[in-house]
Amino acid sequence: MKKLFVGISLGLVSLFAASPLALAHALLVASTPSIHGTVHGPGVAVDLKFNSRVDGTRSRLILVLPNGGNQVLSLMKQSAPEELAARIELEPGTYSLRWQAVAADGHISRGEIPFKVQ
Ligand SMILES: [Cu+2]
């Protein structure tokens, strides 16, 4: 019983500690490709995982091509509320993925993932 109480207390503490960040905006916690990572083409799986749920209909993934051009990626149906994913075919080269995530509270966060395809 005492052990259970300690577990619940810790759970509450971490919940309160995490809530200001979770309410502020969606933060990227993991990605494929990873930042400055290298993946094998031509089929490339793009998977971004956030610390909170994101709106898959309003979030955007934009691919910056080796020639500097931009391509808006079609997002797949979300397999989890915290994830955004796309499947693309890429030639070898240096790319960057610009993500714009809309959190459940409507706040937008952005980031960039430079990566290479070989
Ligand atoms: Cu917010």
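The values are calculated or read from the model by the stated rules, or taken from the named source; none is laboratory data. All of these numbers come straight from a predicted model, not from anything done at the bench. Heads up, the Cβs are rebuilt from the backbone with ideal geometry, glycines too, and the neighbour counts pull from every protein chain shown. Quick note on the areas: whole protein, heavy atoms, side chains included, nothing else; ligands and nucleic acids left out. Shrake-Rupley method; radii C 1.70, N 1.55, O 1.52, S 1.80 Å.
For residue 17, indicate whether it is within 16 Å of the ligand (Cβ to nearest atom) and at pLDDT below 95. Can you show your working first?
On the way: within 16 Å of the ligand (Cβ to nearest atom): no; at pLDDT below 95: yes.
So residue 17 does not fit the description; no.
Here is a check on your reading of the model: is residue 31 farther than 27 Å from residue 118 by Cβ and modelled with pLDDT of 95 or more? Give the derivation first.
Values: farther than 27 Å from residue 118 by Cβ: no; modelled with pLDDT of 95 or more: yes.
No; evaluated as a whole, the condition is false for this residue.
Out of curiosity, is residue 73 under 15 Å from residue 32 (Cβ atoms), at pLDDT 95 or above, open to solvent by less than 20 Å² (accessible area, probe 1.4 Å) and out of contact with any Lys or Arg (no Cβ under 9 Å at 6 or more places or on another chain)? Spell out the reasoning first.
Values: under 15 Å from residue 32 (Cβ atoms): yes; at pLDDT 95 or above: yes; open to solvent by less than 20 Å² (accessible area, probe 1.4 Å): yes; out of contact with any Lys or Arg (no Cβ under 9 Å at 6 or more places or on another chain): no.
Judged against the criteria, residue 73 is not a match.
Restricting attention to region 76-95, and to residues there that are hydroxyl-bearing (Ser, Thr, Tyr) and surrounded by fewer than 17 Cβ atoms within 10 Å (Cβ to Cβ), which single residue is modelled with the lowest pLDDT?
First, the residues of region 76-95 that are hydroxyl-bearing (Ser, Thr, Tyr): 79, 94-95.
Applying the additional criterion that residues be surrounded by fewer than 17 Cβ atoms within 10 Å (Cβ to Cβ) yields 79, 94.
Values: 79: 95, 94: 98.
If we take residues in region 76-95 being hydroxyl-bearing (Ser, Thr, Tyr) and surrounded by fewer than 17 Cβ atoms within 10 Å (Cβ to Cβ), then 79 is modelled with the lowest pLDDT.
Counting only residues that are among the small types (Gly, Ala, Ser) and closer than 16 Å to residue 113 by Cα, which one in region 48-70 is most open to solvent (accessible area, probe 1.4 Å)?
If we filter region 48-70 for residues that are among the small types (Gly, Ala, Ser), which is where we start, we get 52, 56, 59, 68-69.
Add one more test, that the residue is closer than 16 Å to residue 113 by Cα, and what stays is 59, 68-69.
Values: 59: 1, 68: 50, 69: 26 Å².
Per the criteria, the residue is 68.
How do the strands (runs of 3 or more DSSP E) wholly within region 57-118 filter down when requiring 3 or more residues that are more than 12 Å from the chain's Cα centre (by Cα), more than 16 Å from the ligand (Cβ to nearest atom) and without any contact (Cβ under 8 Å) to a residue 60 or more places away in the chain: which remain? Quick ask: steps written out before the conclusion?
Numbers: elements: 60-64, 70-72, 83-89, 93-102, 108-117.
Because the criterion is at least 3 residues that are more than 12 Å from the chain's Cα centre (by Cα), more than 16 Å from the ligand (Cβ to nearest atom) and without any contact (Cβ under 8 Å) to a residue 60 or more places away in the chain, the strands (runs of 3 or more DSSP E) in region 57-118 that meet it are 60-64, 70-72, 83-89, 93-102.
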